[in-house]
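Participant: Can you read through this structure? Questions will come right after.
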């Protein structure tokens, strides 16, 4: 069997470079994005209004497009980080929060209600000195113990 890496040296170099770049991206951008989420973002059925909601229409479209491109980039980087070093699931979660798509809010709430996801996000926020994320309980869940 021929030594594959030696025959495809350029491809191997490119994969190593991309792997390192994605790792650095995951270690820097994802925690920064988690820390910037408002603590009350997950309260209520609708997300808070965007800061530029009342801006000039051209600026609003440009900023919304930039937010979606950044979110899509994070989702793609997160998918790559599932097989490369990095925080893939967190990158996908943060990227999905930035991208606008139908059914986004219920998907966000379902993810953040997962105890492990909520715990990891709050761990990152605590290390940065930020308040924990507040989350409404899922519909149908009682706040009191139903046992008599």
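Participant: Please compute the Kirkwood hydrodynamic radius of the range 32-90 from all pairs of different C-alpha atoms, in Å with one decimal.
Facilitator: Result for the range 32-90 stands at 13.6 Å.
Participant: Please state, as a whole number in µm²/s, the translational diffusion coefficient that the Stokes-Einstein equation yields for the range 16-122 at 20 °C and 1.002 mPa s, with Rh defined as the Kirkwood radius across alpha carbon pairs.
Facilitator: D = 146 µm²/s.
Participant: On a 0 to 90° scale, report how tilted helix 88-98 is relative to the longest principal axis of the chain, with both axes built from alpha carbons and the result rounded to the nearest 10.
Facilitator: 60 degrees
Participant: Could you work out how far helix 115-127 tilts from the main Cα principal axis of the chain, as a 0 to 90 degree angle to the nearest 10?
Facilitator: 80 degrees
Participant: Please arrange 112, 79 by how many other C-beta atoms lie within 10 Å of their C-beta, fewest to most.
Facilitator: Placing the least packed residue first, the sequence is 79, 112.
Participant: Report the FRET efficiency, 1/(1 + (r/R0)^6), for residue 53 and residue 105, where r is their Cβ-Cβ distance and R0 is 22 Å, rounded to 0.05.
Facilitator: With R0 = 22 Å, the Cβ-Cβ based efficiency is 0.85.
Participant: Now a separate question. In degrees from 0 to 90, rounded to the nearest 10, what is the angle of the helix 9-36 Cα long axis to the longest principal axis of the chain?
Facilitator: The two axes meet at around 20 degrees.
Participant: Per DSSP helix of 4 or more residues, -39500 (n - 2.57); summed, then divided by the residues of the chain. What does that give at 222 nm, rounded to the nearest 500?
Facilitator: -20000 deg cm²/dmol
Participant: Another question, then. Between 113, 125, 36, find the one with the highest GNM mean-square fluctuation for the chain; connect C-alpha pairs within less than 10 Å.
Facilitator: It is 36.
Read-outs throughout are calculated quantities, based only on the coordinates presented, and are distinct from any laboratory measurement. The model shown is predicted, which means the values in this text are computed figures rather than measured ones. Note that each Cβ is placed from the backbone with ideal geometry, even for glycine, and that neighbours are counted across all protein chains shown.
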